[in-house]
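**Q** Below is a structure I'd like to ask you about.
The values are calculated or read from the model by the stated rules, or taken from the named source; none is laboratory data. Here the structure is a predicted model, which is why all the values come from computation and not from measurement. Backbone-built Cβ (ideal geometry, glycine too); neighbour counts: all protein chains shown.
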Amino acid sequence: MEHAGTGSAPVERSVAQAAPAPARRARGGVRFALRRSGIEPALRLLACALAILGDWLALWLRAPFSSAAVRAERRAGCQARAAARLAATLGNLKGPFVKAGQFAANRHDLWPASVTTPLAALRDQVPPLPFPEVRAAVESELGAPLAVLFADFEHEPLGAASIAQVHRAHLRSGEAVAVKVQYPWLADSLRADLAWANAALRVFARRHGAVDRQRLLAEFAAGLREELDFEREARVAAEIAVNLAHDPRVVVPRVLSSHSSRRVLTMSYLPAVRIDDRAGLARLGLAPKAVLEILARAYAKQVFVDGLFHADPHPGNLFVVDEPTAAQRPRLLFIDFGLSRRLDPALRHEMRLGIYALLQRDERAFLEGMLRMGMIAPGAREAVGRAIGDMFARIAGRGGPLGVAGAQVLSLKDEAKALLQETPGLQLPNDLLLFAKTLSYLFALGRELDPETDLMRLCLPYLLQFAASREAPLNHAPGARAAGPAAG
């Protein structure tokens, strides 16, 4: 397995340090000032809204002269064009705006497929930044001309996402690397961007009932700041690499600190095939089941043993190394550790007790753990107790916790979501919600790739070991919540 490192070959470091460093470019200019002030997003969003409004106005004017079938067809077309325009606008704005589009794409309960499908493309198809801006960002961050830092640097990115895009390159030593370059304005425009997020949350709260807007915004902002810190991401990747070093089937890219900074991350590069690329896997002689088994055990180890896990298991972050031995010894490549989480020991202790109570069908012990963690508001214990009783009954109807197959986990997730929405006074720590979201994404990916593979069965030994281990009780005040991601 490749380990994420904290350094690179001495010759690489000396080349970068010996190079005449250009004057560090000030992040300025008219466009940057407009973005930092929030004016550019306002203008782009206004232009998008006017284009959509014009489209709908034209539809309304033509409606009296059209049949019902034609009007319905035109409405569907208008809706699809509006979603495509919005996705393009959010993609060009990047950062929190892309994340807002990604959130909306997951709300199939609120929007039809004609809206969610174009927005879903924002998960891994964000419009890339022009190469001259990428070059300027890398040279500013690393303090040397691109030609000194790299033997070659591909202009077209391997991919672009919400906060960065990745380019393939070669070091002067000849080593192939992937360079993750953060969009240069994001850290400085975050305050203005979050003001727009706050406005969107206010509208969402009006339409969909009570929402703790300040808490949601604080968590959203904290998560973004963590993702914008590539030095933190490098430390997390290094720690997860060490934690998974026992499994030669798992690869975590090695970080080269000589060519990395807070906004640029240079990692070892391996040719690979996306985990959901069926044709690519078939070319390697691999069935999805073989890959899913590696994936399930790697996540079970991270979640139940290490307590530090990669929290973004979508296909754009998971690959199979493209090599001649893949059919006999496939290796799973994890990338992008910007969204990761370390579960606080107090939360892990309560999770362990909660799983044990669930296995024992002990509703009282389960509720007491929720009270200790401040998950039940004052005066809400009775209502929450009834809801938990219903949940225990549904699980028992499926044969108990150990009888729940991987395919049923997703339906339990939907029931849990309904439980949260319908039970006043129930409030879960954000880290616990992210933990649940990560597992639900994992099971959804498993169902998509191979419905016959039971990920729950593969994770079960780790889950039982986690529930059975006994450590000394931890002292924590009611309402304590899990700490943030690892800092290394």
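**Q** Looking at region 293-310, is at least one residue in the same structural domain as Leu343 (by TED's automatic domain parsing), in a loop (DSSP other than H, G, I, E, B) and not polar (S, T, N, Q)?
**A** Keep residues of region 293-310 that are in the same structural domain as Leu343 (by TED's automatic domain parsing), which gives 293-310.
Checking which are in a loop (DSSP other than H, G, I, E, B) leaves us with 307.
Checking which are not polar (S, T, N, Q) leaves us with 307.
Yes: region 293-310 contains one or more residues that are in the same structural domain as Leu343 (by TED's automatic domain parsing), in a loop (DSSP other than H, G, I, E, B) and not polar (S, T, N, Q).
Residues checked against (1) surrounded by fewer than 17 Cβ atoms within 10 Å (Cβ to Cβ); (2) outside the structural domain of Pro41 (by TED's automatic domain parsing); (3) part of a helix (DSSP H, G or I):
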site: Ala72; (1), (2), (3): yes, no, yes
site: Arg81; (1), (2), (3): yes, no, yes
site: Ala87; (1), (2), (3): no, no, yes
site: Asn92; (1), (2), (3): yes, no, yes
site: Ala104; (1), (2), (3): no, no, yes
site: Thr117; (1), (2), (3): yes, no, yes
site: Ser140; (1), (2), (3): no, yes, yes
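**Q** Let me ask something else about it. So, in region 275-293, exactly how many residues are among the basic types (Lys, Arg) and crowded, with 16+ Cβ neighbours inside 10 Å?
**A** Total meeting the criteria: 0.
**Q** Further question on the same structure: Using the structure shown, decide if Arg297 is closer than 21 Å to His167 by Cα and within 22 Å of the chain's Cα centre (by Cα).
**A** no
**Q** Condition first: crowded, with 24+ Cβ neighbours inside 10 Å and under 25 Å from Pro184 (Cβ atoms). Now tell me which residues in region 235-253 satisfy that.
**A** Residues satisfying the conditions are Val236, Ala237, Pro253.
**Q** Assess whether Pro485 counts as being at pLDDT 75 or above and outside any helix (DSSP H, G or I).
**A** So Pro485 fails the test.
**Q** Here's another thing I want to ask about it. Is it the case that Ala282 is of a type outside the set (Phe, Trp, Tyr) and not in a helix (DSSP H, G or I)?
**A** Answer is no for this residue.
**Q** For region 56-66, state whether one or more residues are modelled with pLDDT under 75, more than 32 Å from the chain's Cα centre (by Cα) and part of a loop (DSSP other than H, G, I, E, B).
**A** No: zero hits.
**Q** If I go through region 138-170 residue by residue, how many of them are of a type in the set (A, V, I, L, M) and more than 22 Å from Ala187 (Cα to Cα)?
**A** 7
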